[in-house]
Protein chains: 2
Amino acid sequence: MEEVPGTLGTSASFALRMGQIIFASSSLLFMCMHIQFYSYTSFCYLVTVVSLIIPWSLILGTADLYSMFVERPSRQPGIFVVIIIGDMFLSFLSLAAAASTASVTDVLLMLGTEQPFCPPRVCSRYQLSAAMAFLSWFFLLASSLFNLWFLPTLL
Amino acid sequence: MEEVPGTLGTSASFALRMGQIIFASSSLLFMCMHIQFYSYTSFCYLVTVVSLIIPWSLILGTADLYSMFVERPSRQPGIFVVIIIGDMFLSFLSLAAAASTASVTDVLLMLGTEQPFCPPRVCSRYQLSAAMAFLSWFFLLASSLFNLWFLPTLL
């Protein structure tokens, strides 16, 4: 069976998982460190989504490492279907979270006649958090599409 | 070559295109009719995205109709790749637009100490518009995935 880079158990897949973990963690840190993020629904949603992405990518990254160095597991289509659906679901959630966080930050900067609703220092951290969630969307989508492309050869 | 329902030229694909046109048009109408939508970036973004979706789905729906009733065109992989990429791109844009519109409406309802930034009648129309954009995302994604599933049999 020919190897497709980016599918479960390859080094490219491990790199994608690492990217997901790094960007989701930095999004969580930018949002949570010394900031009251729970006053707006979108920010709570972003925190929830990246808290789901981190363990998911950690588990699959560990599976990639195990598969690269210890032993190659049998490739069952059922496992691939679960991974593709999970990746795609999380990628949509993180795209929606990034878009809503970015637009809410934009509105908060624009509104507020006397003084803005969020100080510029805090708002820039919201924007950074949205950008990191956007990057983790990109990596999740890449994982999902590589596995989806490989799936028909297994069936 | 076996027929996959939902791929270009089938009646299921035509139904999906009709759904995309109907939901994108209703999203545009809810956002534009007698409302100043251009005061917030997210609302302008939503209008731009659904204005892209409508002609795209109209052209591909016409191609489906032609293929069903007049003559079956040759199925070239290149055309499928263009359609898959276009559908996926538009589906991501519309998901982001729906999420940002919904969250901005939520913030506008919440903020505003003396009187809300948007009257409840107007805000409910923003929410309806976001919901319609969300539904058109779902239909675009379905079109894209059906065609992507069919692509490897053409190569």
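Things to note:
- Residue that is surrounded by the fewest Cβ atoms within 10 Å (Cβ to Cβ) [pool: residues in the stretch B:79-116 that are over 18 Å from the mean Cα position of the chain (by Cα) and among the polar types (S, T, N, Q)]: B:Thr113
- When the stretch B:103-155 is filtered for residues that are among the polar types (S, T, N, Q), within 25 Å of B:Ser11 (Cα to Cα) and out of contact with any helix residue (DSSP H, G or I) (no Cβ under 6 Å at 6 or more places or on another chain), only B:Thr153 remains.
- Candidates in the stretch B:38-72 are the residues that are under 30 Å from A:Leu108 (Cα atoms) and of a type in the set (Ser, Thr, Tyr); of these, the one that is nearest to the chain's Cα centre (by Cα) is B:Ser51.
- Any hit, the stretch A:132-145, residues being within 27 Å of B:Leu93 (Cα to Cα), surrounded by fewer than 16 Cβ atoms within 10 Å (Cβ to Cβ) and touching a residue at least 60 places away in the same chain (Cβ under 8 Å): no
- Options B:Leu65, B:Leu151, B:Leu140; residue that is among the hydrophobic types (A, V, I, L, M, F, W, C), on the phi < 0 side of the Ramachandran plot and within 10 Å of chain A (Cβ to nearest Cβ): B:Leu151
For (1) farther than 27 Å from A:Pro55 by Cα; (2) of a type in the set (A, V, I, L, M), each residue gets a yes or a no:
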| residue | (1), (2) |
| --- | --- |
| A:Thr101 | no, no |
| A:Val104 | no, yes |
| A:Phe150 | no, no |
| A:Leu155 | yes, yes |
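- Test: residue in the stretch B:117-125 that is facing another protein chain (nearest Cβ under 10 Å), part of a loop (DSSP other than H, G, I, E, B) and surrounded by fewer than 20 Cβ atoms within 10 Å (Cβ to Cβ): yes
Per-residue answers, yes or no, for (1) in a helix (DSSP H, G or I); (2) acidic (Asp, Glu):
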site: A:Val47; (1), (2): yes, no
site: A:Ser57; (1), (2): yes, no
site: A:Asp64; (1), (2): yes, yes
site: A:Met68; (1), (2): yes, no
site: A:Arg72; (1), (2): no, no
site: A:Arg75; (1), (2): no, no
site: A:Val81; (1), (2): yes, no
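So that you can scan it fast, the table gives a plain yes or no per residue for (1) small (Gly, Ala, Ser); (2) surrounded by fewer than 16 Cβ atoms within 10 Å (Cβ to Cβ):
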site: B:Ser13; (1), (2): yes, no
site: B:Leu16; (1), (2): no, no
site: B:Ala24; (1), (2): yes, no
site: B:His34; (1), (2): no, yes
site: B:Phe37; (1), (2): no, no
site: B:Leu46; (1), (2): no, no
site: B:Ala63; (1), (2): yes, no
site: B:Val70; (1), (2): no, yes
site: B:Pro77; (1), (2): no, yes
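- Residues of the stretch A:1-29 classified as assigned to a helix (DSSP H, G or I) and either at pLDDT below 90 or not hydrophobic (A, V, I, L, M, F, W, C) (or both), total: 8
- Residue among B:Leu140, B:Leu108 that is under 16 Å from B:Ser39 (Cβ atoms) and either modelled with pLDDT of 90 or more or out of contact with any Leu (no Cβ under 8 Å at 6 or more places or on another chain) (or both): B:Leu108
The values are calculated or read from the model by the stated rules, or taken from the named source; none is laboratory data. Only a predicted model underlies this, so the values are computations on that prediction, with no experimental measurement involved. Backbone-built Cβ (ideal geometry, glycine too); neighbour counts: all protein chains shown.
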